[in-house]
Amino acid sequence: MCGIIGVIGTGQAAPLVLDGLRRLEYRGYDSAGIATLVNGHIERRRAEGKLVNLADALSQKPLAGTIGIGHTRWATHGAPTEVNAHPHGTARVAVVHNGIIENHAELRAELEAKGQVFTTETDTETVAQLVDLFLQNGLEPIAAASAAFARLEGAYALALIFAGHPELIIGVQRGAPLAIGFGEEAMYLGSDAMALAPLTRRIAYLEDGDWVVLSRQSAAFFNRDDQPVKREIKLTNLTGAAIGKGNFRHFMEKELHEHPVVIGDVLHKMIDQSSKMLVLPEFPFALESISRITISACGSAFYAGLTGRFWLESLAGIAADADVASEFRYRAPPLDANGLGLLVSQSGETADTLAALRYMKSRSQKVLSILNVPESSMARESDAILETIAGPEIGVASTKAFTAQLTVLAVLALGIARARGALTDTQIAALTDALLEIPAKAAQILINDAPIRALAARIAEARDVLYLGRGACFPIALEGALKLKETSYIHAEAYAAGELKHGPIALIDKAMPVIAIAPSGPLFEKTASNLQEAAARGGQIIVFSDAAGAAKLEKIAAETIIIPDIDPFAAPILYAIPVQMLAYHVAILKGTDVDQPRNLAKSVTVE
Ligand code: F6R
């Protein structure tokens, strides 16, 4: 979603800002822009579409100046045009903005009545016009910005520069994150530490409500009540280098190939390799005293959570609920006094998941988050976190972070089972053995990808695709359908296989591929019966199963993808990989922008 960067230094700001924007591209955007101060005056370059267009605009008409702000915009209010691209501003102030100003219509009416002349339909311009009015009324920039922040409602992060003030950037975090970078004779501000990684490792994070005044040498922090506060400078481990595609064509392809290493890293961290014992951190709550677990997340992370629910209930015998974060809090669900809130998020910034976390805290839940970004807002607000240590995930469609989430959830479920005495040590050791087999088997799938590529050619011709799964593999069917939709724009739906006959079976005809995630295991025969029903209606049955399962379905399967044998407990993690690979190869055949599919954002910081 929108990305913000700001630079004050001694050299030219625009190239650094453009480079920072490139590092924010992964969040998803549809226009971009930069503003600097040239001889004290605000100058802007903006462009619709990808950053290459902005880079062209800058090479035709370079921007001088040692201070600058930049933005990648994911359209919310107003189409993704150059006019609506940020920075917005007046002659006195320029603003970049991530999030939504909810009271923008009311502010706009008030400002227009006072003579401010708007040039766009965006909510962001109301911020610029409001600050502008305060400046015209004689306030200095810092006072004008603080007065404006007090009037804004919504969830947002902003960065502002002011004409005639070449040493001043003001930033604010109210619901969307901002990181501050400390350089040598330079200060930076960015939506995340990733954007700042090549510039500095010294990062401070604003707390929600904070605002910050940057000069070339310092940062002064204030809280929501305008009181000066201190924010700790931390050394980030992110490096400027950890962001290339290596020898791969796309980030998604590279990240798919990272599955074995990422899953292996998680297992290595959470399972002692010699004793096979689980290694969980000391939580600030006792696992055995938790009465119920409430899981919330969005998109793929939610599907990981659904799989986690299955494991928690079936292995640890603990009551668990799972709900998409955008719905969860609006039901005002009553939560157990000894309940644990469990959030799952790659970015740790997803607005709905963050709001679910806050709801859980307001209902006295202990909160544990499974996160890939340990420096994220959710990390700061959780009682405890488990890191997925998948490394930066740049492809907008989640791949390796998803299997890392599943792996963490699997080990957590075993840990809770152990704490509750629901499984014996021997049973746990057998299940950890099953998990430890995944990396090598994942590598086999990645190496032998020819059948998946061949299947992709068939799926690329389809208009609609149905995915089926049962038990812990139902969420993997959901993941398959989501990955296909988002990367290749083919309509796909996933159903619990037993639901097929309650409606979706009406869709089945010869043109409809029906992809079954059907590893051998306790639910295999049931899934097989549902596939017989689909085959009897002419559907093209495509089976993802092991050799034994594939043999049983040979007569009805139009195509089969053979997956290495795996214990049913570990199967969802392994089966997620070919399902994502299929989506990738279909997207390549369809020629879509696989790393940044249309309309999507990586870090969804609006509700
Ligand atoms: C799908 C995808 C999204 C994210 C969702 C949650 O491929 O990437 O569905 O899983 O937006 O994002 P995080 O995990 O950052 O909270």
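Values quoted throughout were computed directly from the atomic coordinates according to the rules given, and no laboratory measurement underlies them. What you see is a predicted model; the values in this text were computed from it and never measured. Glycine also receives a Cβ, built like all others from the backbone with ideal geometry; neighbour counts cover every protein chain displayed.
Taken about its Cα centre, segment 3-244 carries a charge dipole of roughly 600 debye when the Cβ of each Lys and Arg holds +1 and the Cβ of each Asp and Glu holds -1.
Tell me, what is the percent relative contact order of the chain, built from C-alpha pairs under 8 Å that lie six or more residues apart?
Working: 1395 pairs, mean separation 71.9, N = 607.
Reported relative contact order: 12 percent.
Computed extension length for E153-D593: 154.9 nm, one decimal, from 0.36 nm per residue of separation with the Cα-Cα distance subtracted.
Compared with the dominant principal axis of the Cα atoms in the chain, helix 13-24 is inclined by about 20°.
Taking a point 7 angstrom from the Cα of N53 along the C-beta vector, which residues in segment 75-89 have backbone N less than 11 Å away? Those under the cut-off are 80-85.
Here the Karplus curve 6.51 cos²θ - 1.76 cosθ + 1.60, taken at θ = phi - 60°, turns the phi angles of segment 156-165 into couplings of 7, 10, 9, 9, 10, 10, 10, 4, x, 10 Hz, with x standing for Gly and Pro. Of all lysines in the structure, the ones whose alpha carbon falls short of 18 Å from that of K552, not counting any fewer than 8 places away in one chain, are K526. Sort out for me the Cα centre separation of segment 5-36 from segment 439-492, rounded to whole Å. Centre-to-centre (Cα) distance: 36 Å. Only lysine pairs 8 or more places apart, or on different chains, with alpha-carbon atoms under 26 angstrom apart are counted in segment 248-436, and they number 5. With Cα atoms as the point set, the chain shows a radius of gyration and Dmax of 25.4, 81 Å. Against the empirical 2.2 N^0.38 Å (N residues), segment 337-457 has a Cα radius of gyration ratio of 1.27.
Can you check what the net charge comes to around V279, using other residues whose Cβ is under 10 Å from the Cβ of V279 (Lys, Arg +1; Asp, Glu -1)? Around V279, the surrounding residues sum to 0. If you plug the beta carbon distance of A105 and A536 into 1/(1 + (r/R0)^6) with R0 = 60 Å, you get a FRET efficiency near 0.60.
Which value in deg cm²/dmol, rounded to the nearest 500, describes the helix-derived mean residue ellipticity at 222 nm for the chain, given -39,500 (n - 2.57) per DSSP H run of n ≥ 4 and division by the residue count?
Details: 20 runs with 224 residues, N = 607.
Rounded to the nearest 500, it is -11000 deg cm²/dmol.
Estimate the FRET efficiency between D464 and D565 by the formula 1/(1 + (r/R0)^6), using the beta-carbon distance for r and 41 Å for R0, to the nearest 0.05. Here the calculated transfer efficiency is 0.85. Classification of segment 3-244 by its C-alpha gyration tensor yields a rounded form. The axis ratio a/c (a ≥ b ≥ c) stays under 1.5. The angle between the Cα long axis of helix 571-590 and the main principal axis of the chain comes to about 60°, on a 0 to 90 degree scale.
Hydrodynamic radius of segment 438-607 by the Kirkwood approach over all distinct alpha-carbon pairs: 15.9 Å.
In straight-distance terms, cross-link reach from K510 covers every one of the lysines whose alpha-carbon lies under 21 Å from its own, apart from those fewer than eight places away in the same chain; here that gives K485, K501, K555. Counting only alpha carbon atoms, the long axis of helix 259-270 and the longest principal axis of the chain meet at about 90°.
Based on every Cα atom in segment 248-436, Rg and the maximum pairwise Cα distance Dmax equal 15.8, 50 Å.
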